[in-house]
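The values are calculated or read from the model by the stated rules, or taken from the named source; none is laboratory data. Note that the structure is a prediction, hence the values are computed from the model and not measured. Cβ coordinates were reconstructed from backbone atoms using ideal geometry, including for glycine residues, and neighbour counts include every protein chain displayed.
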């Protein structure tokens, strides 16, 4: 476990690096100097899957390679007193962001939104926000409040959407058909949101909680973000990934097998070649 005082400095530096990321516009990111990119998620505290993909991609040996980590928190891994250990992945992200500031990116999901805004989120009748807080308390004791605040500061500025040069868009999920009309890329590019945007039915909420993955809804979303293909999380997948239509793949890296995609930024994908980008961690 990192020294809590050093961790606080790392989290603050990572926050600065997020704000300074090349290609950032509000909560939208167009990565710069990218040859290829690995997208991993939803991780939900699975450190083993994170370690496996990090070892595989060798960021230090590939200066044009980027890594996107998606939905890191609220997992099944516990400390002896029952707290959630998933904050460890946020710590690891912060360290990587400081080492590779323009090449490692964190896409938040509905779980980060719930944790940061205090919206109750339950699974198997357990309060996941409270379990996350207890994990921080078990790990960092007297520094828990400061570290929790630092995590929330990170969540508040992480991107909601990433678009690659070859028109592949990466986000947690897409708004439902009913909420699509209020969605625009200009909204994602905003630096600040209004309190109502985080509430049920709000624009940020809709962008992180929607489950309408039909081909028609995906096509409308892609038109609004000016992209051709979509990589999402949010939907559980027994085999680690699933192509829900010819232009949409969803990833699930919380269990084994864990799914990821490897995208070559110079490749203009077709519906048939797009299906070649997904893999499971081995």
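Do we have residue 112 as in contact with a helix residue (DSSP H, G or I) (Cβ under 9 Å, 6 or more places away or on another chain) and in a helix (DSSP H, G or I) here? Here the answer is yes, as residue 112 does meet what is asked.
Can we say residue 132 is outside any helix (DSSP H, G or I) and on the phi < 0 side of the Ramachandran plot?
Details: outside any helix (DSSP H, G or I): no; on the phi < 0 side of the Ramachandran plot: yes.
Here the answer is no, as residue 132 does not meet what is asked.
Scanning segment 94-112 for residues that are in contact (Cβ under 8 Å) with a residue 60 or more places away in the chain and surrounded by fewer than 24 Cβ atoms within 10 Å (Cβ to Cβ), which turns out farthest from residue 47 (Cα to Cα)? In this case the residue turns out to be 102.
State whether one or more residues within segment 60-68 are within 14 Å of the chain's Cα centre (by Cα) and within 18 Å of residue 148 (Cβ to Cβ). I'd like the intermediate steps shown before the answer.
Keep residues of segment 60-68 that are within 14 Å of the chain's Cα centre (by Cα), which gives 66-68.
With the extra rule that they be within 18 Å of residue 148 (Cβ to Cβ), the set shrinks to none.
No, segment 60-68 contains no residue that is within 14 Å of the chain's Cα centre (by Cα) and within 18 Å of residue 148 (Cβ to Cβ).
If you scan segment 148-177, which residues turn out to be in contact with a helix residue (DSSP H, G or I) (Cβ under 9 Å, 6 or more places away or on another chain), within 12 Å of residue 229 (Cα to Cα) and part of a strand (DSSP E or B)? I'd like the intermediate steps shown before the answer.
At the first step, the residues of segment 148-177 found to be in contact with a helix residue (DSSP H, G or I) (Cβ under 9 Å, 6 or more places away or on another chain) are 148, 150-161, 163, 167-169, 171-177.
When the remaining residues are screened for being within 12 Å of residue 229 (Cα to Cα), the result is 163, 167-169, 171.
Listed by number, the residues that qualify are 163, 168, 169, 171.
Listed here are the residues, each with its yes/no results for (1) more than 22 Å from residue 121 (Cβ to Cβ); (2) assigned to a helix (DSSP H, G or I); (3) in contact with a strand residue (DSSP E or B) (Cβ under 7 Å, 6 or more places away or on another chain).
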| residue | (1), (2), (3) |
| --- | --- |
| 11 | yes, yes, no |
| 14 | yes, yes, no |
| 22 | yes, no, no |
| 31 | yes, no, yes |
| 44 | no, no, no |
| 49 | no, yes, no |
| 54 | yes, yes, no |
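When segment 230-244 is filtered for residues that are closer than 17 Å to residue 263 by Cβ and within 17 Å of the chain's Cα centre (by Cα), the ones remaining, listed by number, are 230, 231, 232, 233, 240, 241.
When 123, 56 are checked against the criterion of being surrounded by fewer than 20 Cβ atoms within 10 Å (Cβ to Cβ), modelled with pLDDT under 95 and over 16 Å from the mean Cα position of the chain (by Cα), a single residue qualifies: 123. All conditions in (1) assigned to a helix (DSSP H, G or I); (2) touching a helix residue (DSSP H, G or I) at 6+ places or on another chain (Cβ under 8 Å) hold for residue 212, with the sole exception of (1). Just to be sure I understand, how many residues within segment 234-261 are part of a strand (DSSP E or B) and surrounded by fewer than 16 Cβ atoms within 10 Å (Cβ to Cβ)? Number satisfying all stated conditions: 2. State whether the residues of segment 179-202 include one that is part of a loop (DSSP other than H, G, I, E, B), exposed (fewer than 14 other Cβ atoms within 10 Å of the Cβ) and in contact with a strand residue (DSSP E or B) (Cβ under 9 Å, 6 or more places away or on another chain). Yes.
This table checks each residue for (1) touching a residue at least 60 places away in the same chain (Cβ under 8 Å); (2) surrounded by 13 or more Cβ atoms within 10 Å (Cβ to Cβ); (3) touching a helix residue (DSSP H, G or I) at 6+ places or on another chain (Cβ under 8 Å).
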position: 28; (1), (2), (3): yes, yes, yes
position: 31; (1), (2), (3): yes, yes, no
position: 34; (1), (2), (3): yes, yes, no
position: 37; (1), (2), (3): yes, yes, no
position: 51; (1), (2), (3): no, no, no
